[in-house]
1. Quick test for you: out of Ser416, Ser401, Ser448, pick the one residue that is at pLDDT below 85 and of a type in the set (Gly, Ala, Ser).
2. Looking at segment 1-16, which of the residues that are aliphatic (A, V, I, L, M) and under 22 Å from Asn139 (Cα atoms) is modelled with the lowest pLDDT?
3. Can you confirm whether segment 44-63 contains a residue that is outside any helix (DSSP H, G or I) and either closer than 19 Å to Ile101 by Cα or in contact (Cβ under 8 Å) with a residue 40 or more places away in the chain (or both)?
4. Looking at this structure, is Leu35 touching a helix residue (DSSP H, G or I) at 6+ places or on another chain (Cβ under 9 Å) and over 19 Å from Lys120 (Cβ atoms)?
5. Please verify whether Ile162 is closer than 20 Å to Ile81 by Cβ, surrounded by 17 or more Cβ atoms within 10 Å (Cβ to Cβ) and β-branched (Val, Ile, Thr), treating the condition exactly as stated.
6. Would you mind stating whether Leu374 is surrounded by fewer than 19 Cβ atoms within 10 Å (Cβ to Cβ), in a helix (DSSP H, G or I) and of a type outside the set (Asp, Glu)?
7. So if I check each of Ser416, Ser475, which one is in the same structural domain as Arg260 (by TED's automatic domain parsing), small (Gly, Ala, Ser) and touching a residue at least 12 places away in the same chain (Cβ under 8 Å)?
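The values are calculated or read from the model by the stated rules, or taken from the named source; none is laboratory data. Remember, it's a predicted structure, so these values are computed and weren't measured experimentally. FYI the Cβ positions are ideal-geometry reconstructions off the backbone, even for glycines, and counts take in every protein chain you see.
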Amino acid sequence: MNPQSVEMNTIPLVVDLDGSLIATDCLWESLLILLKSNPFYLLFVPFWIFKGKQCLKERVTDFAQIDVSLLPYRQNVLDYIQTARNNHRQIILATATDKRIAIKISDYTGIFDKVIATTKEKNLSGKNKLEKIQDLIQNGEFDYIGNSSDDLPVWNVARRAIVVSSNNNFIKKVQTIQSNIEVLPITYKINIGTILKAIRVHQWIKNLLLFIPLLLAHKISDSELILKTFVGFFCFSLSASSVYIVNDLFDLESDRQHPRKKERAFAAGILPISFGIIFVPFLIVLSSLLSLTSVSLEFTFVLWAYLLITTVYSFKLKRIVIVDVLVLAGLYSLRIFAGSVVGSVYLSPWLIAFAIFLFLSLAFVKRYSELLLLLSAKTLKSSGRGYYSTDVELVKTVGISSGLISVLVFALYMNSREVSALYHHPQMLWLIGMCLLYWIIRIWLIASRGKMNDDPIIFTVKDKASYFIAFIMLSIIIVATL
């Protein structure tokens, strides 16, 4: 055995947890679980913080249990640790996380010899962590894996700094205090594209429903109303994005068990939870100010109603069978109502009835596609939902029926007074009914073949046939109006 091997075998490797071994922060994860179980715990958080960060961590851990098997572990860090273990090095987990969580992670991974972590007496961060490491190793040499400025005091004393980062400025900062440095790069980068994907800009297409009342009232040429509706569109879009972030934050565990959703920015640890918690109120305030100053107070009330319903949906209603799809259908219809408020357009009861049944069908399409994934994975119950894979046929039946009822409502609408007043050739609208019938059956046919991998609205945006059908229906409306 050469001298270098002896040295490598006797130098302990100390590993940080939050942001280093895992791409998230255990305290934020615990806080989300706590608030998800009971939002009123939020009232106690300031008192716990006042008593010290270690008190906060202790109390939150008392009431919130993290499933450590679902945390986003960094594979390159795990590989590095495994190589060190193969060289018979002592591996120590040193973290500011509550010791109970750290022990769970150590037991789950099975790669650590010792654990030092935060207790109710001391928060193990920065210099406190360095002192604990030195006491444990008896002032001997050690290598340290870390990722943040809190680790600088430890790196300053360590034999080698292993930096988990792709931030060149931060890496240079570490190099000013430690010449012996090794970098374990993060494979992803946080940029504007990451943020746009997290707020789901592609989902904003749903808010084009605000223009439906103007289109059907034949006021689409009114430039003032169009501009006002565009502002309303952005208000709804910003509010919807805040809700998407809330959903992602409170669905971390279920998303991490989903074959596609596990790649979402918050579930994968690409974006920190703290960013989401700060960005949500920013989006809500921005959309509300824009609505109050550029649209109307009435529209703002509708916007706030949307936020309230979606918040309740995120916390509770999405887990209640059938209620979840009814709420989704109602939220789509609420967008149409919001459009009528912006343009001061009379909203026909026929349009509301048609929208509710159509969007109820599309909501069932989404659930049906999710249940097909459960069946293929041989899983009985949907994580975070109230559905079982055995519900798949019932969901399909009710969904198809709802879609067909929406076409029936449209057919009855064509005999109403509103149609006679708006169209010179109302009989032409029967062709729209046939187009709708074809489109709905086609959507369900695609879903039944297991090819509906997206939200049906998003699928429609990507579907060339849907564009062609929409063009035909718009052409029919124009001809029927002339």
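1. Selected residue: Ser416, the only one of Ser416, Ser401, Ser448 that is at pLDDT below 85 and of a type in the set (Gly, Ala, Ser).
2. Taking the candidates together, the pick is Val6.
3. yes
4. Yes, satisfied.
5. Numbers: closer than 20 Å to Ile81 by Cβ: yes; surrounded by 17 or more Cβ atoms within 10 Å (Cβ to Cβ): yes; β-branched (Val, Ile, Thr): yes.
Yes.
6. Numbers: surrounded by fewer than 19 Cβ atoms within 10 Å (Cβ to Cβ): no; in a helix (DSSP H, G or I): yes; of a type outside the set (Asp, Glu): yes.
Answer is no for this residue.
7. Result of the check over Ser416, Ser475: Ser416.
Condition check ((1) in a helix (DSSP H, G or I); (2) not β-branched (Val, Ile, Thr)) across all residues:
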{"position": "Tyr438", "(1), (2)": "yes, yes"}
{"position": "Ile441", "(1), (2)": "yes, no"}
{"position": "Gly450", "(1), (2)": "no, yes"}
{"position": "Ile457", "(1), (2)": "yes, no"}
{"position": "Tyr467", "(1), (2)": "yes, yes"}
{"position": "Ile472", "(1), (2)": "yes, no"}
{"position": "Ser475", "(1), (2)": "yes, yes"}
{"position": "Ala480", "(1), (2)": "yes, yes"}
